[in-house]
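As structure tokens, the structure follows; a few thoughts come after it.
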Amino acid sequence: MRWRPSLLLLLSAFSLFLVGAKVTDFRICAYNVPNFNLKKASNHRALHTLTKVVSRCDICLLQHVVDSDGKAIKALLTKLNRKTYRYDGHRYNSVSSKSLGNSPSDMQQYVFIYREDRVNLTGQHQYERKQSFVREPFVVRFQSNKTEINEFILVPLHSEPAQAVEEIDRLYDVFEEVSAMWENQNVMFLGDFHAGCAYVTRNDRKRIRLYTNTSFSWLIRDREDTTVTDSTNCAYDRIVVHGQSFLKTIEPLSGKVFNIAEEFKFRKRTVLAVSDHFPVEVILKSSSLLLQATPLLLLLSVPAAVQFFLPAL
Ligand SMILES: *[C@@H]1O[C@H](CO)[C@@H](O)[C@H](O)[C@H]1NC(C)=O
Ligand SMILES: *[C@@H]1O[C@H](CO)[C@@H](O)[C@H](O)[C@H]1NC(C)=O
Ligand SMILES: *[C@@H]1O[C@H](CO)[C@@H](O)[C@H](O)[C@H]1NC(C)=O
């Protein structure tokens, strides 16, 4: 009967592998945080909620940031890097666009918050065709040896609701520009596209190249609800990827809306103090050798265990 505890040991070693696999998930998120400024960052509850959301992600795109002097983002980073929030000892950093918009009273920034120990920022590029977008995508390139894809490009968009169809369609032009510039077609588009309800109808899709061209995969489905309030049910916030090779390195069905109210057991009121949107997210497959080796290890360990423990029976 001596083999039983040993088998248990083997099983627990296997479950450790599984846990290890979970820890190395690489999560990319996009969150529209209307008017994120120093005033909002000074609201302790709002900052707490935002910190909980951002600290789940290896990269988190924040949209509608109004922080030209960088103080609000600094407050968020300080909180993220504080000991109590340093899950697994991650160090967070950020990269921000300049203030973008047509009217001085509504200037917004795109901000990417990322874990420095998990991913390298290797490029940034401000798309500049003023007539194409109200808030032109601030494109970034990241490299991470923790992901299977290794190097990829993120194109953010917080569309202007009234011209959402045209702006989403023009993301194709951004794709052509940046994929040629960096000779890399692993491009992901993310953000509040307003790609639902009255702004983008089923009929509008034939005018959007990201829909008509089958090279692009929409990872947040049309029936999802990315809004917080019960009165709206719209898939505004989206994640889209280009190409089969990128798609293959994404965890199947990992694209989802992160319902903060349910997941954190927060009241809607608490959630709404930060945003009327929920974040959306997707998981990139890990490059972990351990993970790749797991089936092999298992295959090797079973006969080894049998051979080792058989004499004891
Ligand atoms: C970041 O870049 C450095 C220098 O090229 C490299 O050694 C390191 O592995 C990279 N980090 C990740 C997480 O890929
Ligand atoms: C991956 O990146 C981390 C962080 O930069 C580094 O410590 C590690 O050595 C890298 N691993 C490989 C296989 O390059
Ligand atoms: C779709 O996009 C791809 C880029 O992957 C491009 O090569 C192809 O020409 C496009 N197809 C059409 C029909 O525009």
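The numbers here are math on the coordinates, done by the rules we state, and not lab data. Computed from a predicted structure; not experimentally measured.
At a glance:
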| read-out | value |
| --- | --- |
| Overall Cα dimensions of the stretch 214-291, principal axis frame, Å, largest first | 42, 34, 16 |
| Shape of the stretch 64-167, Cα gyration tensor, a/c cut at 1.5 | oblate |
| Alpha carbon centroid spacing (whole Å) that separates the stretch 214-254 from the stretch 35-107 | 23 |
| DSSP-defined antiparallel bridges as percent of all bridges, the stretch 129-207, nearest 5 | 50 |
| Set Lys130/Lys268; Lys52/Lys98; Lys39/Lys206; Lys74/Lys256 screened for pairs whose C-alpha atoms are more than 31 Å apart | Lys130/Lys268; Lys39/Lys206 |
